[in-house]
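Report on one structure; see the data block that follows.
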Amino acid sequence: MGFWEVLILSFIEGMTEYLPISSTGHLIITSALMGIQDEGFIKSFNVIIQFGAILSVLVLYWRRFLPDLNFYKKLIIGFLPAAVIGLLVKKKIDLILGSVQIVAWALIIGGILLIISDRIFSHQNTHGKKIEDLSWKDCLKIGLIQCFAFIPGVSRSAATILGGLSLGLNRRQAAEFSFFLAVPTLSGAALVKSLGLITTIESSQISWLLIGTGLSFIFALFAIKFFIELVSRFGFKHFGAYRIVLGIALLLFIYGGYI
């Protein structure tokens with residue numbers, strides 16, 4: 001693994017982690033196109049650099065993470081379904097994690113749902129709920145919907161945003177709750193995976209991990225700011241269209257024998 005691979009994968013992770021276009025799907029696609037998906041270190045690298053993206057939320061929204069029992073209750077309740085179900089289906093998830101075809105179909109279906117959501121929930125942009133209005137049952141429902149993101153290509157961000165919109169949140173609040181819920185969800189998943197991979201990492205690879213984590217943090221900062229402004233003004237249809245185009249292109253590549 002060299003500098004350009006580190007830069008590209010870190011860019012993909014940071015820029016896509018909080019956008020509803022699937023960071024896992026993009027990392028799988030990018031690794032396949034670069035011909036490095038079978039390298040043992042790539043899996044460890046893609047998991048560990050997530051900590052940089054997680055840190056970006058804590059930095060941008062540090063006031064939200066000041067001691068507030070009610071806020072933390074919402075996050076814990078929203079996180080629990082992913083923690084429990086994730087442990088139960090971990091082996092099955094690992095079996096499909098490298099499937100570009102599953103990613104393609106998930107991108108297309110998710111893209112259609114995002115476009116539809118702009119039409120169905122457009123009235124909520126000015127009259128929707130705020131995060132403070134969510135009940136514990138609402139948070140549990142969003143947490144359960146988040147579990148669809150175990151399928152590569154679905155996007156954890158897209159699933160939680162659609163869940164938030166379906167429960168009455170406006171676009172900005174749905175996106176921000178998705179960011180906040182990502183902190184315990186991604187941290188827990190990345191920590192569990194990292195503990196299992198840490199023994200496979202060589203000392204010479206640590207510098208690449210540090211660089212990748214730092215770059216992921218920087219790219220995620222820009223992505224979050226860009227995303228919030230864009231969805232507040234224009235909604236999610238552009239991301240939906242992007243997902244559909246990318247998914248169709250992938251299927252053409254797959255059936256054409258290029259991937």
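A few notes on this one:
- Among the residues of region 175-185, those that are under 12 Å from Phe51 (Cα atoms) and surrounded by 21 or more Cβ atoms within 10 Å (Cβ to Cβ) comprise Ala182, Thr185.
- Each residue in region 7-48 was checked for being over 21 Å from Phe177 (Cβ atoms), modelled with pLDDT of 95 or more and β-branched (Val, Ile, Thr), and 2 pass.
- Out of Ile201, Ile224, one residue alone is farther than 22 Å from Cys147 by Cβ, surrounded by 16 or more Cβ atoms within 10 Å (Cβ to Cβ) and modelled with pLDDT under 90. It is Ile201.
- Among the residues of region 202-247, just one is under 17 Å from the mean Cα position of the chain (by Cα), of a type in the set (D, E, K, R) and farther than 23 Å from Lys130 by Cα, namely Arg243.
- Tally of residues being closer than 30 Å to Gln101 by Cβ, surrounded by fewer than 21 Cβ atoms within 10 Å (Cβ to Cβ) and in contact with a Leu (Cβ under 8 Å, 6 or more places away or on another chain) across region 204-221: 1
- Pairs, first more than 12 Å from Gly25 (Cβ to Cβ) in region 95-115, second in a helix (DSSP H, G or I), C-beta under 6 Å, six or more apart: Leu114/Phe239; Leu114/Gly240; Ile115/Lys237; Ile115/Gly240
- Some residue of region 83-100 being assigned to a helix (DSSP H, G or I) and among the hydroxyl-bearing types (Ser, Thr, Tyr): no
- The helices (runs of 4 or more DSSP H) found wholly in region 1-73 and carrying at least 1 residues that are touching a Lys or Arg at 6+ places or on another chain (Cβ under 6 Å) and surrounded by 17 or more Cβ atoms within 10 Å (Cβ to Cβ) occupy 40-48.
- Ala53 modelled with pLDDT of 95 or more, within 15 Å of the chain's Cα centre (by Cα) and either within 26 Å of Leu140 (Cβ to Cβ) or among the hydroxyl-bearing types (Ser, Thr, Tyr) (or both): yes
- With respect to the conditions (1) free of Cβ contacts under 8 Å to residues at least 12 places away in the same chain; (2) closer than 27 Å to Ile108 by Cα, Ser135 lacks only one, and its number is (2).
- Leading residue by the ranking (farthest from Ile109 (Cα to Cα)) among those in region 227-259 that are buried (at least 17 other Cβ atoms within 10 Å of the Cβ) and of a type in the set (Phe, Trp, Tyr): Phe227
The values are calculated or read from the model by the stated rules, or taken from the named source; none is laboratory data. Fair warning: this is a prediction, and the values are worked out from it, not measured in the lab. Cβ coordinates were reconstructed from backbone atoms using ideal geometry, including for glycine residues, and neighbour counts include every protein chain displayed.
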